[in-house]
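What follows is a single structure, written as structure tokens, with notes after it.
Bear in mind these aren't lab numbers, they're just calculated from the coordinates by the rules spelled out. Computed from a predicted model, the values in this text were never measured in an experiment. Note that we place each Cβ from the backbone using ideal geometry, even for glycine, and neighbour counts take in every protein chain shown.
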Amino acid sequence: MPEPRLPLVARRTHRIVSVDASHRVLDRACWRRLGWTPGTLVSAKPNGWAIVLDTDSAGVPLVLDTRSRLRLPVAMLRSIGWQPGSDVWLTADETTLWVRSTAILDEREAEHA
């Protein structure tokens, strides 16, 4: 008889969110995990197929607006393969947010099919 599997515990928060027409994203679950509130200053840096955001000062400065939206630089969005009308994959731990195109999920799934 097979041994029962232990439940998996997520170490990070993962969300699929839309990018609005002004290149803003909003996800309160990720913001809570990070401790970000309206007015929080973060920095954005491209890193391969991801945009990496944290509260250090090395990168493009961004701020959460009064409605907790974060406007992402369109050039950075395009550098990760994002296309207008498509969603992004947010991954957050306690200090860092990664933004990736959801197309990466399709690529990874195809590799394992």
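Across the chain, Cα pairs under 8 Å and at least six residues apart give a relative contact order of 30 percent. Length available on full extension from Ala29 to Ala58: 0.36 nm per residue minus the Cα-Cα distance, which gives 8.0 nm. The tail of the calculated P(r) for the chain beyond 23 Å holds 30 percent of all Cα-Cα pairs. Estimated at 0.36 nm per residue, the fully extended path between Gln83 and Leu41 surpasses their Cα-Cα distance by 12.5 nm.
When the helices in the chain are scored as -39500 (n - 2.57) per DSSP H run of 4 or longer and the sum is shared across all residues, what 222 nm value do you end up with, to the nearest 500 deg cm²/dmol? That calculation yields -5500 deg cm²/dmol at 222 nm.
Could you sort 77-85, 90-98 so that the peptide with the highest average Cβ count within 10 Å comes first and the rest follow in order?
Highest-to-lowest ranking by the protection proxy: 90-98, 77-85.
Between Arg28, Arg11, Arg71, the residue with the greatest mean-square fluctuation in the GNM of the chain (Cα pairs under 10 Å linked by springs) is Arg11.
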